[in-house]
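Chemist: First the structure, which I've put down as structure tokens, then a few questions once you've had a look.
The values are calculated or read from the model by the stated rules, or taken from the named source; none is laboratory data. Note that the structure is predicted; figures quoted are calculated from it, not measured. Because the Cβ atoms are built from the backbone with ideal geometry, glycine has one as well, and the counts that use them run over all protein chains shown. Only protein heavy atoms, including side chains, enter the accessible area calculation; ligands, DNA and RNA are left aside. Shrake-Rupley method; radii C 1.70, N 1.55, O 1.52, S 1.80 Å.
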Amino acid sequence: MTKNDARLEVGVVPSAGLLLLRVGVGMTMAIAHGWPKLERFMGPEPRFADPFGLGEVPSLALAIFGELVCGVLIALGLGTRLAAIPFAFTMLVAVFVAHAADPWSDKEHAFLFLVPAIALMITGPGRYSIDAWIAARRRR
């Protein structure tokens, strides 16, 4: 194990906490928010906010990617740090653009997904993840 590997190694108990965080946040976002958006996308007339002028359908597709695809990747611990970027960006847009005029109680939900996404960008997925399994295989 190199010095860099040792610096990034996370213990058993913190890794169990990261696993719980990843699965809880990733799957909740994917099932409760991303999947319904995918169903809307597959419907006859997908309607969605267009905060950046890309169009409703591309904006919806990007939200689906950030919530459903990245949510599942985070839960699995696959490409966790990279998957957390669009996940967090989607939540930033929800907090500061889509719900900008709404009361805090409406923004709070997106903010409560944003915080763990940023934490996972910093910490990584822990040892109970596909990322850790891949890294261990590469060290052999």
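Chemist: Which pairs have Cβ atoms under 7 Å, sit 6 or more apart or on different chains, and link a residue in the stretch 19-32 that is under 16 Å from Phe111 (Cβ atoms) to one that is surrounded by 15 or more Cβ atoms within 10 Å (Cβ to Cβ) and among the β-branched types (Val, Ile, Thr)?
Modeler: If the second residue must be surrounded by 15 or more Cβ atoms within 10 Å (Cβ to Cβ) and among the β-branched types (Val, Ile, Thr), the pairs left are Val25/Ile74.
Every residue, every condition in (1) of a type outside the set (A, V, I, L, M); (2) over 20 Å from Ile134 (Cβ atoms), yes or no:
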| residue | (1), (2) |
| --- | --- |
| Met42 | no, yes |
| Gly66 | yes, yes |
| Ala75 | no, no |
| Phe96 | yes, yes |
| Asp102 | yes, yes |
| Leu114 | no, yes |
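Chemist: Could you list, in sequence order, the residues of the stretch 102-140 that are touching a Gly at 6+ places or on another chain (Cβ under 8 Å) and surrounded by fewer than 12 Cβ atoms within 10 Å (Cβ to Cβ)?
Modeler: Answer for the stretch 102-140, where residues must be touching a Gly at 6+ places or on another chain (Cβ under 8 Å) and surrounded by fewer than 12 Cβ atoms within 10 Å (Cβ to Cβ): there is none.
Chemist: Considering only the stretch 88-133, state which residues are assigned to a helix (DSSP H, G or I) and of a type in the set (Gly, Ala, Ser).
Modeler: Within the stretch 88-133, Ala88, Ala94, Ala98, Ser105, Ala110, Ala117, Ala119, Ala132 qualify.
Chemist: Within the bounds of the stretch 121-132, is there any residue that is under 24 Å from Ala61 (Cβ atoms) and at pLDDT 95 or above?
Modeler: Yes, the stretch 121-132 contains at least one residue that is under 24 Å from Ala61 (Cβ atoms) and at pLDDT 95 or above.
Chemist: Determine which member of the set Thr90, Thr28 is of a type outside the set (A, V, I, L, M, F, W, C), open to solvent by 60 Å² or more (accessible area, probe 1.4 Å) and within 21 Å of Leu120 (Cα to Cα).
Modeler: Thr28
Chemist: Still on this structure, please answer the following. Looking only at the stretch 74-114, how many residues end up being in contact (Cβ under 8 Å) with a residue 12 or more places away in the chain and among the polar types (S, T, N, Q)?
Modeler: 2
Chemist: Can you tell me which residue is most open to solvent (accessible area, probe 1.4 Å) among those in the stretch 39-62 that are in a helix (DSSP H, G or I) and more than 19 Å from Ala84 (Cα to Cα)?
Modeler: Met42
Chemist: Mind checking which residues of the stretch 63-85 are farther than 22 Å from Leu20 by Cβ and open to solvent by less than 60 Å² (accessible area, probe 1.4 Å)?
Modeler: Once the filter is applied, which keeps residues that are farther than 22 Å from Leu20 by Cβ and open to solvent by less than 60 Å² (accessible area, probe 1.4 Å), the stretch 63-85 yields Ala63, Ile64.
Chemist: Checking the structure you have, find out if any residue of the stretch 32-47 is among the small types (Gly, Ala, Ser), over 27 Å from Gly11 (Cα atoms) and modelled with pLDDT of 95 or more.
Modeler: yes
Chemist: Looking at (1) among the small types (Gly, Ala, Ser); (2) under 26 Å from Gly53 (Cβ atoms); (3) open to solvent by less than 50 Å² (accessible area, probe 1.4 Å), can you tell me which one Ala98 breaks?
Modeler: It is condition (3) that Ala98 fails.
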